[in-house]
Amino acid sequence: MRDAKAHRGSAPRAYIPAGRTWAAVAALLSSVLLSGCPASSQAPGAASGAARGGRGGTASAITRGSGEQAATCSKPKPVTTMNGSVTDNVPTDFDPTANPKPRTTVYFTVMLPKRCPGQTFPLVLQGPGWGNTRITTPAANGDLQPGQPMFTAVTDLVRALPYHGYAVISFDERGQGESTDANARVIDPRAETQDARAILDWAYGHASSLQLRTQPGSGIPKDLDVGTIGLSYGGGFQLPLAALDPRIDAMIPVAAWNDLLYSLMPGNAVKLSWGGLLCAVGDGQYLSGTGVGSPVGSMTTTPLVRTLCNIMGPQDPAADTIRTKQDLVTASSSSLARPRPVTQQQATQFFFRHGMAYFQQQQGQGLAWGGSSDPYPGASPPLRPVPALFFQGNRDVLFNMTEAYWNAQYFGAAGGDVRVITTEGGHMNPLANQTQGTANCGGTVGVQAMLAWFNHYLKGETSKTFDAIPKRCISVVPTRGAASASPVGVDLDSIPVGSLSGTGAIPVSESALTATVSATDVNPVFVPVTTIKQSGAVLAGIPKLGEIKVAAAAGAVVTPIAYVGVGIERTGSTYLVDDQVTPFVQGDYTRNPNVPQSRAVLLPGVGEQLHKGDVVGLLFYQHQVQYQAVASTGTLTGVTGLSTSATGLANPYTVTASDVELPVFVPGRYPGSRLTK
């Protein structure tokens, strides 16, 4: 058994000072946290119409349209854009307190490629990030920018797609941009998914004038040659759409989630900093629900989300008291909660049903998606095969690598071509001084792989770039300086989980370890697990715990929470790998709570090159910036700064972890692996 009462690590990374203005942070969030899409300034054009979502059925083998015809006319039409809207028969909200209207109008922009008479083109559907708006202008040319930060690179790729023979529809999700007559419901399969299906219906109805390629022989109603792309919220919309609409032929979800309960409350502790940041950029309708004061965000959200934001967002000076899931439940279910009380069942059901973990649970139990008495429109389990190229960030502290692993497991089990590329981009927390890296993993250039993916599955083209896309690539760029470091990755057949064995593996496990974090500990407590005795090894994959127990220690005055991450001690200094920390509220855990497919406690996936002599182990924090509140002045006039301190109360605890396993191996020797740069 390992014990670490005295073995102390170095201080965590520097925090943003409380005096930093909100305007500066909001600008950072727009360019780094979200998608970086340009705001729409054009009025909707004449291309509008009514369409209804709701097509069921299971696709058989994917059928492709004819190959893209060569442009033979002397004067092809140039790359052009048009704005439009579609009105579907989905209410503007399902919450009666929102006084919903019976129909929803969603606005979009169509970008068309250069085209000659008789040519037809595949369609790519793109959705924006949370709090952002649709893309309204194509790029100046089709050049790809492989060295851009990941979120910027994806947006630039979408804008360049018309120059590569694709029609693009970028749309404002309900509650965002021009689509604010309806309330955002966080990718509700009954709402946002049906809006996207209505856009596809509209596109099919205008396929002739837009020169879109249809698939009349597929057996699927209103079938198009269509793929999807987007990041964050725009990544999340693709997964239920692929499940519920058989027209989707390929998708590229970037920084998407699997289970929002896990994303926002892992280990039953509230990820306060992200809750505050997302609420701040997402919704200005605070407190009374009527938008009193100066709104920070520009979205309109469903009352349930507004209630939670009013409790843990920057407008509440007591937000830092919401540390645990139970704290949030108690506050949100109070009769004083505004705009309405929210029960635990309502909140849990709302967030859980908006991720693929729910779809997988229902399918595993032989139940319909949405429930047998009221299934989601278009539901017909089991999940059908859909080619999916997942991109996820090692240092993404909102939706981590393990969520991509779960998504890939589910879609891969359906029989589709599913691949996972991890990078140094994603949701970077400005409170933790994180900066975003590129969309590349070793020798895999992200934007080139994305284009090759669409070329293969939407146009039927083969290429060396497509053939070179690995089944799995884990970035192993050093955590320190990751944003500016040159890409280094490990190509693998599968994502390693826990301790490994066999050729090239370095088994790393500990049957039991304990640690005590005292009320006076400022630096994290480091518990060694192993010392690396050879060069060339990597830590790459998903750490696993058989069990973890957390109890109060001397001086505890609040419910204890253990904040756990993988650490490396090198030349006398200890650091946290990939900025990933998981909290565990007082109790005993043998699996990730709220994650039905979890069979053990999985920590966020990580990737790091190791040096001979490195000591690898676990770090335990008394407080951690990712779980601290965004500060408020307590007024109704907006936010003036950010805070990095919580209640100031001590959080001493003891922790016991058993069957601790870390994935360590030597690339090139471990079967199916190779290091690439």
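The values are calculated or read from the model by the stated rules, or taken from the named source; none is laboratory data. Bear in mind the structure is a predicted one, so any value in this text is a computation, not a measurement. In this analysis, Cβ positions are derived from the backbone assuming ideal geometry, glycine residues included, and neighbour counts consider all displayed protein chains.
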Problem set entry | Where a residue in the range 82-102 is farther than 18 Å from Pro377 by Cβ and its partner, wherever it lies, is of a type in the set (Lys, Arg), with Cβ under 7 Å and at least six apart | Thr97/Arg340
For this session: State which residue pairs qualify: first residue outside the structural domain of Ala629 (by TED's automatic domain parsing) and farther than 17 Å from Gln392 by Cβ and inside the range 427-439, second residue of a type outside the set (A, V, I, L, M) and modelled with pLDDT of 95 or more in any location, beta carbons under 8 Å apart, and separation of 6 or more residues or different chains.
Result: Ala432/Asp579
Exercise. Take the residues of the range 565-574 that are surrounded by fewer than 22 Cβ atoms within 10 Å (Cβ to Cβ) and either of a type in the set (Ser, Thr, Tyr) or in contact with a Pro (Cβ under 8 Å, 6 or more places away or on another chain) (or both): which is nearest to His427 (Cα to Cα)?
Worked result: Thr574
Exercise. Within the range 417-426, is there a residue that is among the basic types (Lys, Arg) and part of a helix (DSSP H, G or I)?
Worked result: no
Exercise. Do the conditions hold for Asp143, that is, is it over 30 Å from Thr72 (Cα atoms), of a type in the set (Asp, Glu) and either assigned to a loop (DSSP other than H, G, I, E, B) or within 28 Å of the chain's Cα centre (by Cα) (or both)?
Worked result: no
For this session: Output the number of the condition that Val342 fails; it satisfies all remaining conditions of (1) buried (at least 22 other Cβ atoms within 10 Å of the Cβ); (2) in a helix (DSSP H, G or I).
Result: (2)
For this session: State whether one or more residues within the range 313-333 are among the aliphatic types (A, V, I, L, M) and surrounded by fewer than 16 Cβ atoms within 10 Å (Cβ to Cβ).
Result: yes
Exercise. Name the residues in the range 584-594 that are more than 19 Å from Asn394 (Cβ to Cβ) and either in a strand (DSSP E or B) or not β-branched (Val, Ile, Thr) (or both), would you?
Worked result: Phe584, Val585, Gln586, Gly587, Asp588, Tyr589, Arg591, Pro593, Asn594
Exercise. Do we have any residue at all in the range 538-553 that's within 30 Å of Ser494 (Cβ to Cβ) and assigned to a loop (DSSP other than H, G, I, E, B)?
Worked result: yes
For this session: Could you list all residues from the range 184-232 that are of a type in the set (Ser, Thr, Tyr) and in contact with a helix residue (DSSP H, G or I) (Cβ under 9 Å, 6 or more places away or on another chain)?
Result: Thr193, Thr214, Thr228, Ser232
Exercise. Hey, does the range 607-614 have a residue that's at pLDDT below 95 and either closer than 20 Å to Val581 by Cβ or under 24 Å from the mean Cα position of the chain (by Cα) (or both)?
Worked result: no
Problem set entry | Some residue of the range 649-661 being over 30 Å from Gln622 (Cα atoms), outside the structural domain of Val281 (by TED's automatic domain parsing), modelled with pLDDT under 95 and surrounded by fewer than 16 Cβ atoms within 10 Å (Cβ to Cβ) | no
For this session: Determine which single condition Val585 fails, assuming it passes every other condition in (1) more than 29 Å from Thr531 (Cβ to Cβ); (2) modelled with pLDDT under 95.
Result: (2)
For this session: Among what's in the range 531-547 and is surrounded by fewer than 18 Cβ atoms within 10 Å (Cβ to Cβ) and over 32 Å from the mean Cα position of the chain (by Cα), pick the residue that is farthest from Arg674 (Cα to Cα).
Result: Thr531
For this session: Provide a single number: the residues in the range 368-399 that are among the aromatic types (Phe, Trp, Tyr) and in a loop (DSSP other than H, G, I, E, B).
Result: 3
Exercise. Just to be sure, is Arg134 more than 20 Å from the chain's Cα centre (by Cα) and under 14 Å from Leu231 (Cβ atoms)?
Worked result: no
Exercise. Mind checking which residues of the range 146-182 are part of a loop (DSSP other than H, G, I, E, B), of a type outside the set (Val, Ile, Thr) and out of contact with any Phe, Trp or Tyr (no Cβ under 9 Å at 6 or more places or on another chain)?
Worked result: Pro146, Gly147, Gln148, Arg174, Gly175, Asp181, Ala182
